[in-house]
Amino acid sequence: MSDTILNPILPGFHPDPSILRIGSDYYIATSTFEWWPGVRIHHSKDLVNWHHAAYALTRTSQLDMIGNPDSAGIWAPCLSYRDGLFYVVYTNVRTCLGAYKDTHNYFVTAKKITGPWSEPTYLTSIGFDPSFFHDDDGRTWYVSMKWDHRQKHNPFPGIFLQEYSHSEKRLIGKSKLIFKGSKLMVTEGPHIYKRNGWYYLLVAEGGTFYSHAATLTRSRKITGPYQISPYHPLLTSYKKPRHLLQRAGHASLVETQNGQWYLAHLCGRPLEWRGEDRNKAGGYDTLHCPLGRETAIQAVQWTDDDWLRLSHGTNTPEWTVAAPKLKRVYATPKSESEIDDFDSLKLSPHFNSLRRPVNSNWLSLKARKGFLRLYGHESFSSVHNQSLIARRLDSFKAEASTAIEFSPKSFQQMAGLVVYYNSHNHAYLYITHDKELGRILTISKTDRNVYSEIKKPVSLDKAKRVWLKVVFDQTVFRFFYALTKDAWHQIGQEYSMAFISDENATNFTSNTKAFSFGFTGTYIGLACQDFTGGGMHADFDYFSYRSFPTTIALKKKLKTKKK
């Protein structure tokens, strides 16, 4: 029986955790941004072992993301429970570039965490990161930040509260400002809890990069005023460069059956982690998180004066945490197989698509038995109709492979294996057609919208089937191909993992208004394009993915290097 929680508990792209316990079951809902389906939910019995359980948004009537820019879509869902129903409150961000943000907020409900989830009820569009608080007097409160686009004002003016009427199915009364935020600013991600007659407001502050933090406040009245904890901030990694878990913030609380308390929170693991050498490496401006923002958990305890602190006595997240006194449950009924041979007629829930659900217009598991068929649609630059399925990269050391059959007739027809961060940042190993060489295998790289290709593509001659592979080795990744099974040859150069990171995907103009955000994480995917409009298809025989834990190995390796 493991007595330790090893962070992150949800590695890879799993940001903005909202944690909930119902009986002996624990659930975490995380943001999914432009990836489909929306709102990923994990389940655990012991806070140590987690598995994917469901998605809340699986129909276009619940979620329309066609045209949403990169890192828009689903931001910071909140999972709650009232009178036999699960609630998920969520934002569909339609615009997030420049001064304006179009942030439409809804909620859906279900009797079971696995669904079916209801059609959405619209709430408001004042801001993002909303949550519901169901008080013990039967009233439900909507809590959210409000976005202020005006240049002379703070765009994060604070946290607002408004009552929700279940009978009228709408917000009622006036919206009230209950907390302006601390000096850390960028006040968002609010959650309210009640204990010993106190209302506790937990918010994210400092922005979601390296100055991120969690702030705890309290009031005797839900409407405030709220007092900031004397142990402020509750959680942060800022200015603590020796710690493995950086960017800590955006948190939520849960109490176990036996009265222990835990804090689920967002974090990031930089490639360049060097322990004591981090400051010498150039500081926070030189760090990159290609796995995206992940979910970790910390043990917390209440002080004698009814404030909350991390159990180990500081406000810095720990890599290893004492597990709760609960029976360990290792079963993972929906765990991912290492090899998906596409024999099932249902796509694995570990695959995601971009902005739109899978349908027979662009993906088929029936057209050719034992194969996944993709019909070519738009380019990786599209925010509309891409033919791409992908899964999260969840380790710095991993590999993925596939076998493809594809017969393009034009350079405008392509299919293969992609390492994808967003429409501006990706690397693609693919088959296409060249006028002189015929059918070829090549690589293109798009880095902040700058496109490049390798100089020496591989002629495929009459090879009907081609095996493709990508290998991630901590700070770099490489592509390989084979014309006969397992006879691998490297193609192209090695690529830095830094270019597929949150930081590299976040670009700023000269007046500091971001025109591209990096809020997601790296995916490995299968893709097909046909710019001729003919819908040329590619057949993939399997998809294999293996990851290898590297936290300890990377730490030891770098310390050895230092000596």
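The values are calculated or read from the model by the stated rules, or taken from the named source; none is laboratory data. Note that the structure is predicted; figures quoted are calculated from it, not measured. Glycine also receives a Cβ, built like all others from the backbone with ideal geometry; neighbour counts cover every protein chain displayed. Just so you know, the surface numbers come from the protein's heavy atoms only, side chains and all, with ligands and any DNA or RNA stripped out. Shrake-Rupley method; radii C 1.70, N 1.55, O 1.52, S 1.80 Å.
Going by the conditions given, is residue 252 in a loop (DSSP other than H, G, I, E, B) and under 22 Å from the mean Cα position of the chain (by Cα)? Answer is no for this residue. Does residue 193 satisfy the criteria of being touching a helix residue (DSSP H, G or I) at 6+ places or on another chain (Cβ under 7 Å), under 18 Å from residue 16 (Cα atoms) and either touching a residue at least 12 places away in the same chain (Cβ under 8 Å) or among the aromatic types (Phe, Trp, Tyr) (or both)? In short, no. Among the residues of the range 146-184, the ones that are in contact (Cβ under 8 Å) with a residue 60 or more places away in the chain and over 28 Å from the mean Cα position of the chain (by Cα) come to 0 in all. Restricting the range 487-515 to residues that are at pLDDT 95 or above and part of a loop (DSSP other than H, G, I, E, B), the residue that is most open to solvent (accessible area, probe 1.4 Å) is 488.
The residues on offer are 464, 456, 469, 445, and the sole one that is part of a loop (DSSP other than H, G, I, E, B), charged (D, E, K, R) and either touching a residue at least 24 places away in the same chain (Cβ under 8 Å) or within 21 Å of residue 294 (Cα to Cα) (or both) is 464.
Among the residues in the range 370-381, are any under 27 Å from residue 487 (Cβ atoms), in contact with a Pro (Cβ under 9 Å, 6 or more places away or on another chain) and not in a loop (DSSP other than H, G, I, E, B)? No, there is no match, as no residue in the range 370-381 is under 27 Å from residue 487 (Cβ atoms), in contact with a Pro (Cβ under 9 Å, 6 or more places away or on another chain) and not in a loop (DSSP other than H, G, I, E, B).
Considering only residues that are among the β-branched types (Val, Ile, Thr) and surrounded by 15 or more Cβ atoms within 10 Å (Cβ to Cβ), look in the range 222-237 and name the one that is nearest to the chain's Cα centre (by Cα).
236
For the range 335-380, the set of residues classified as within 19 Å of residue 13 (Cα to Cα) and hydrophobic (A, V, I, L, M, F, W, C) consists of 351, 354, listed by residue number.
Scanning the range 119-133 for residues that are farther than 17 Å from residue 16 by Cβ, assigned to a loop (DSSP other than H, G, I, E, B) and not aliphatic (A, V, I, L, M) gives 119, 120, 125.
The residues in the range 414-440 that are outside any strand (DSSP E or B) and either hydrophobic (A, V, I, L, M, F, W, C) or crowded, with 19+ Cβ neighbours inside 10 Å (or both) can be counted, and the count is 3.
Within the range 73-91, restricting attention to residues that are small (Gly, Ala, Ser) and over 14 Å from residue 37 (Cα atoms), which residue is surrounded by the most Cβ atoms within 10 Å (Cβ to Cβ)?
Across the range 73-91, the extreme among qualifying residues is 76.
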